[in-house]
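Chemist: Pasting in a structure now, in structure tokens, and then I'll have a few things to ask.
Read-outs: derived from the displayed coordinates by stated rules, not from any lab. The model shown is predicted, which means the values in this text are computed figures rather than measured ones. Counting neighbours? That spans all protein chains shown, and the Cβs are built from the backbone with ideal geometry, glycine included.
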Amino acid sequence: MNPVSVVIIGAGPSGLLLGQLLHKAGIETMILEQRTPDYVLSRIRAGVLEQGTVNLMREAGCGARMDKEGIVHHGTGIMANGVLHRIDFQTLVGKSVMVYGQTEVTRDLMEARQASGAPTLYEAEHVELLDLEQDQPRVRFHHQGQVKEISCDFIAGCDGFHGVSRRSIPETILKTYERVYPFGWLGILADTPPVDEELIYINDDRGFALCSMRSPTRSRYYLQCGLDENIDAWSDDKFWEHLKARLPDEHQNRLVTGPSIEKSIAPLRSFVAEPMRYGRLFLAGDAAHIVPPTGAKGLNLAASDVYYLWQALSEFYQRGSSHGIEHYADRALARVWKAERFSWWMTMLLHNFPDMSPFETKMLRAERDYLFSSQAAMTALAENYVGLPY
Ligand code: APR
Ligand code: PHB
């Protein structure tokens with residue numbers, strides 16, 4: 001195969017967004033994806049975009065449907081200690097977020113990639129990354145029954161938490177940091193109108209709940225559940241009953257229930273891998289880090305990694321400078337760790353931890369009391385939720 005400038009491993013949001021931005025910068029790429037397009041689109045993921053992510057989608061020429069169908073939110077509800085509060089992003093920090101499902105982000109990026117004519121090989125299996133410390137690394141893979149190999153200048157590892165890229169960094173160099181939470185999120189998708197115009201995060205004695213949405217006619221709800229829960233033990237009726245019990249009083253009669261079109265349990269973890277660069281390999285998105293979804297940072301962190309890598313590679317090819325490349329990992333990790341902190345803090349704030357001591361339980365109750373009594377504390381939450389600057 002003819003060499004390209006950048007081989008991107010993975011056609012999720014990270015890989016597709018990077019591919020689109022590099023293509024528009026005139027940089028030749030090849031995307032290798034192990035699954036089919038339908039499989040990639042079938043994954044149900046979160047749906048809150050920071051302004052930085054919105055701007056990047058527009059910069060990539062993929063913002064039209066998002067701007068038409070996305071819902072701008074100027075605040076969010078948080079219910080704690082029995083009281084429903086509103087964090088007013090616009091008043092506190094003068095910014096907002098966009099509600100637009102990750103599936104739609106991925107669909108828009110996929111369609112743009114196809115329209116660009118830049119190559120994406122789906123069902124590319126057994127990907128191996130070779131000669132990462134050389135100036136011309138190679139990628140070997142199986143595709144349509146043949147073993148193929150492509151050389152390039154750089155490899156972008158956008159292949160998610162279970163991908164091959166992070167595993168290609170020698171164990172003597174890679175350092176990982178992780179916390180697995182002692183509960184999961186039981187999520188349901190239903191074609192019912194959302195219970196409120198904005199999201200509502202809930203801490204209740206029975207556990208965390210989240211009321212979200214995909215559109216004015218499609219709702220997304222989550223309940224904190226035990227890690228040993230069996231999804232088959234959760235009928236739709238049981239889900240709605242448990243959700244209703246955790247809702248603010250004024251919302252309980254507004255909840256519209258209906259048949260689930262998707263229902264699943266996801267574990268929660270915080271995870272960071274350092275460094276995010278090894279030789280000519282750069283990690284971006286879930287390949288390098290995972291956040292608990294409480295802070296809605298997963299897709300948005302992938303976007304900021306992609307921004308830094310797009311800037312670095314453009315600088316290399318257009319101005320012959322390696323400054324951005326040399327500083328990519330440090331720049332990306334500086335923002336990653338701040339988003340990890342916020343996601344961990346929101347998770348601690350809003351969930352019930354089974355093995356928490358009475359003192360720690362008191363500390364978290366005080367944290368919630370302080371948050372809603374302090375403009376400074378709510379401003380800090382708001383500036384993290386809408387997205388810290390790149
Ligand atoms: N070879 C080729 N492709 C691979 C390999 C491999 N060895 N391993 C994984 N992939 C593909 C997956 O099939 C997937 O399509 O890489 C893609 C990675 O996509 P994501 O897991 O969605 O990760 P990313 O693009 O970084 O997006 C991060 O997705 O998981 C959510 O919460 C997360 O919203 C965040 C976003
Ligand atoms: C979602 O809509 O799936 C969603 C929204 C906000 C979160 C997590 C998930 O914090």
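Chemist: Please compute, over every Cα-Cα pair in the stretch 272-346, the percentage with a separation greater than 17 angstrom. Mind dumping the intermediate values first?
Modeler: Values: 1126 of 2775 pairs.
Of all Cα-Cα pairs in the stretch 272-346, 41 percent lie more than 17 Å apart.
Chemist: Rounding to the nearest 10 and keeping the result within 0 to 90°, find how far the Cα-based axis of helix 236-246 lies from the longest principal axis of the chain.
Modeler: 60 degrees
Chemist: When Glu340, Glu360 are ordered from fewest to most other Cβ atoms inside 10 Å of their Cβ, what list results? Write down the numbers at each step before the final one.
Modeler: Values: Glu340 23, Glu360 12.
Final ranking by Cβ density, sparse to dense: Glu360, Glu340.
Chemist: Taking R0 as 30 Å, what FRET efficiency do you get between Ala115 and Asn55 from their Cβ-Cβ distance, rounded to the nearest 0.05? Mind dumping the intermediate values first?
Modeler: Numbers: r = 21 Å, r/R0 = 0.69.
It comes out at approximately 0.90.
Chemist: Summing -39500 (n - 2.57) over the DSSP H runs of n ≥ 4 in the chain and dividing by its residue number, what mean residue ellipticity at 222 nm do you reach, to the nearest 500 deg cm²/dmol? Could the numbers behind the result be given before it?
Modeler: Working: 12 runs with 145 residues, N = 390.
Taking each H run of at least 4 residues, the total per residue is -11500 deg cm²/dmol.
Chemist: Sticking with this structure for a sec: For the chain, what is the convex hull (Cα atoms) projected area averaged across all directions, in square nanometres?
Modeler: Values: hull surface 79.0 nm².
Computed as one quarter of the Cα hull surface, the answer is 19.7 nm².
Chemist: Also, I was wondering about something else. Taking 35 Å as R0, compute the FRET efficiency from the Cβ-Cβ separation of His143 and Lys238 and round it to 0.05. Don't skip to the end; give the middle numbers.
Modeler: On the way: r = 45 Å, r/R0 = 1.27.
Plugging the Cβ-Cβ distance into 1/(1 + (r/R0)^6) gives 0.20.
Chemist: Which FRET efficiency value, to the nearest 0.05, do you get for Arg365 and Ile231 by plugging their Cβ-Cβ distance into 1/(1 + (r/R0)^6) with R0 = 35 Å? Mind dumping the intermediate values first?
Modeler: Working: r = 31 Å, r/R0 = 0.89.
Efficiency for this residue pair is about 0.65.
Chemist: For the chain, give the share of DSSP beta bridges that are antiparallel, in percent and rounded to the nearest 5; count only bridges with both residues there. Spell out each step's value before the answer.
Modeler: Numbers: 56 of 74 bridges.
Antiparallel bridges: around 75 percent, rounded to the nearest 5.
Chemist: What do you get when you divide the Cα radius of gyration of the stretch 264-305 by 2.2 N^0.38 Å, with N the number of residues? Write down the numbers at each step before the final one.
Modeler: Values: Rg = 11.5 Å, N = 42, 2.2 N^0.38 = 9.1 Å.
Output field value: 1.26.
Chemist: Before anything else, pin down the relative contact order of the chain: Cα pairs under 8 Å, at least 6 apart, normalised by residue count, whole percent.
Modeler: On the way: 777 pairs, mean separation 79.6, N = 390.
That works out to 20 percent.
Chemist: Which three extents, in angstrom, do the Cα atoms of the stretch 318-367 have along their principal axes, listed largest first?
Modeler: In descending order, the Cα extents are 58, 17, 14 Å.
Chemist: Something else now. Note down the Stokes-Einstein diffusion coefficient of the stretch 194-323 in µm²/s, whole number, using a Kirkwood radius over alpha carbon pairs, 4 °C, and 1.567 mPa s.
Modeler: Numbers: Rh = 17.8 Å.
Rounded to a whole number, D works out at 73 µm²/s.
Chemist: I would also like to ask the following. Run through every distinct alpha carbon pair of the stretch 125-250 and return the Kirkwood hydrodynamic radius in angstroms, one decimal place. Before the final figure, lay out the partial values.
Modeler: On the way: mean 1/r = 0.0531 Å⁻¹.
Value: 18.8 Å, from the Cα pair sum.
Chemist: By how many degrees, between 0 and 90 and to the nearest 10, does the Cα long axis of helix 358-373 differ from the longest principal axis of the chain?
Modeler: Taking the Cα atoms of the chain, the angle to 358-373 is about 90 degrees.
Chemist: Measure out, as a whole number of angstrom, how far apart the alpha-carbon centroids of the stretch 89-160 and the stretch 271-287 sit.
Modeler: 14 Å
Chemist: Quick one: of Lys297/Lys338; Lys244/Lys297; Lys95/Lys338; Lys238/Lys297; Lys68/Lys95; Lys24/Lys338, which pairs are farther than 21 Å apart, Cα to Cα?
Modeler: On the way: Lys297/Lys338 10 Å; Lys244/Lys297 26 Å; Lys95/Lys338 18 Å; Lys238/Lys297 29 Å; Lys68/Lys95 19 Å; Lys24/Lys338 30 Å.
Distance filter (> 21 Å) returns Lys244/Lys297; Lys238/Lys297; Lys24/Lys338.
Chemist: Multiply the residue gap between Arg43 and Ile173 by 0.36 nm, knock off their C-alpha separation, and tell me the result in nm, one decimal place. Intermediate values should be presented prior to the final figure.
Modeler: Working: separation 130, 0.36 × 130 = 46.80 nm, distance 3.18 nm.
That works out to 43.6 nm of additional length.
Chemist: Computed over the Cα atoms of the stretch 1-122, what is the ratio Rg over Rh, Rh following Kirkwood? Numbers along the way, then the final one.
Modeler: On the way: Rg = 17.3 Å, Rh = 15.9 Å.
Result: Rg/Rh = 1.09.
Chemist: At a 10 angstrom cut-off on C-beta neighbours, averaged per residue, how do the peptides 263-270, 2-9 rank from highest to lowest?
Modeler: Working: 263-270: 16.4, 2-9: 20.8.
Top to bottom by mean Cβ count within 10 Å: 2-9, 263-270.
Chemist: Helix 13-24 versus the longest principal axis of the chain: what angle, 0 to 90°, nearest 10, using Cα atoms?
Modeler: 50 degrees
Chemist: Using the eigenvalues of the Cα gyration tensor, what equivalent ellipsoid semi-axes result for the stretch 257-390 when each is taken as the square root of five times the eigenvalue, whole Å, largest first?
Modeler: 34, 19, 15
Chemist: Ok, one more. Taking the stretch 97-143 as the region of interest, what is the percent of Cα-Cα pairs per 5 angstrom bin, listed from the shortest bin to the one with the maximum distance?
Modeler: Per 5 Å bin, starting at zero, the Cα-Cα P(r) for the stretch 97-143 comes out as 5, 16, 14, 15, 18, 15, 10, 6, 1 percent.
Chemist: Also, I was wondering about something else. Fewest to most neighbouring Cβ within 10 Å: what's the order for Tyr221, Tyr177, Tyr317?
Modeler: Numbers: Tyr221 29, Tyr177 12, Tyr317 18.
Taking fewest neighbouring Cβ atoms as first place, the list is Tyr177, Tyr317, Tyr221.
Chemist: Per residue, what volume in Å³ does the convex hull of the Cα atoms of the stretch 54-159 enclose? Numbers along the way, then the final one.
Modeler: Values: hull volume 21.7 nm³, N = 106.
Given the Cα convex hull of the stretch 54-159, per-residue volume reads 205 Å³.
Chemist: While we're on this one: Which number do you get for Rg(Cα) / (2.2 N^0.38 Å) in the stretch 232-272? All intermediate terms of the calculation are to be shown ahead of the outcome.
Modeler: On the way: Rg = 13.4 Å, N = 41, 2.2 N^0.38 = 9.0 Å.
Rg over 2.2 N^0.38 Å, computed on Cα atoms: 1.48.
Chemist: Would you work out if the stretch 1-51 is rounded, prolate or oblate? Take a ≥ b ≥ c from the square roots of the eigenvalues of the alpha-carbon gyration tensor; rounded if a/c is under 1.5, else prolate when a/b is larger than b/c, oblate otherwise.
Modeler: Details: a/c = 3.64, a/b = 1.42, b/c = 2.57.
Because a/c hits 1.5 or more and a/b fails to exceed b/c, the stretch 1-51 counts as oblate.
Chemist: For Ser322, Ser151, Ser168, what ranking results if the residue with the fewest other Cβ atoms within 10 Å of its Cβ goes first?
Modeler: Working: Ser322 11, Ser151 17, Ser168 22.
With the sparsest Cβ surroundings first, the list reads Ser322, Ser151, Ser168.
Chemist: Turning to a different aspect of this structure: Could you pull out the GluC sites (Glu not before Pro) across the stretch 221-309 that fall in loop regions by DSSP (anything but H, G, I, E, B) with no more than 16 other Cβ atoms inside 10 Å?
Modeler: For GluC sites (Glu not before Pro) across the stretch 221-309 that sit outside H, G, I, E and B with at most 16 neighbouring Cβ atoms in 10 Å, the list reads Glu229.
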